[in-house]
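Notes follow once the structure below has been shown.
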Amino acid sequence: MESQAPAATGKDALDRVIQMGILGRHDAYLKMVQFRNFLVHRYERVDNEILLDIVNRRLVDFERFRNEILTYIRRAIDDD
């Protein structure tokens, strides 16, 4: 990983952490990256109802992401 250039896109970064075994492969993660890009680059077009729906219905995806990252960190600490 240290010899690699930084990821060019969010999708590239996601692919790398999946290949490294840090995250599992979940379609929701790619959708999260795409939605993040939409929010950052087209924030003036964000529909608040859609945003509220995502927060209310898809929070489990963020929790899964957080849990997978925390599991990786805990394993890395335990291995040291």
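None of the figures in this text is laboratory data; all of them are computed from the coordinates on show. The shown structure was predicted, so the numbers you read here are calculated from the model rather than taken from an experiment. Cβ placement follows ideal geometry from the backbone for every residue including glycine, while neighbour counts extend to all protein chains displayed.
Tell me, what HN-Hα J-couplings in whole Hz come from the Karplus equation 6.51 cos²θ - 1.76 cosθ + 1.60 at θ = phi - 60° for each residue of region 62-74, using x for Gly and Pro?
Running phi through 6.51 cos²θ - 1.76 cosθ + 1.60 with θ = phi - 60° gives 5, 5, 4, 4, 4, 5, 5, 5, 4, 4, 4, 4, 4 Hz.
Need one number: nm distance between label points at Lys31 and Asn48, each 7 Å from Cα along Cα→Cβ, rounded to one decimal.
The modelled label-to-label distance comes out at 2.4 nm.
Karplus couplings for region 26-40 from phi (6.51 cos²θ - 1.76 cosθ + 1.60, θ = phi - 60°), rounded to Hz, Gly and Pro as x?
Result, rounded to whole Hz: 9, 4, 4, 5, 5, 5, 5, 4, 5, 5, 4, 4, 4, 4, 6.
Rounding to the nearest 10 and keeping the result within 0 to 90°, find how far the Cα-based axis of helix 48-57 lies from the longest principal axis of the chain.
Result, in degrees: 40.
Using the alpha-carbon atoms, what tilt in degrees (0 to 90, nearest 10) does helix 10-19 show relative to the longest principal axis of the chain?
40
Treat the count of other C-beta atoms within 10 Å as a stand-in for reagent exposure and order Leu39, Leu14 from fewest to most.
Leu39, Leu14
Once the mean 1/r over all distinct Cα pairs of region 10-79 is inverted, what Kirkwood radius in angstroms do you read off?
13.4
Tell me, in nm to one decimal, what length is gained between Gln4 and Arg57 on full extension, where the rule is 0.36 nm per residue of separation less the Cα-Cα distance?
Extra length available between Gln4 and Arg57 comes to 15.5 nm.
What do you get for trypsin sites (Lys or Arg not before Pro) in the chain restricted to DSSP loop and a cutoff of at most 11 other Cβ within 10 Å of the site's Cβ?
Taking the chain and a limit of 11 other Cβ atoms within 10 Å, the loop trypsin sites (Lys or Arg not before Pro) found are Arg25, Arg42.
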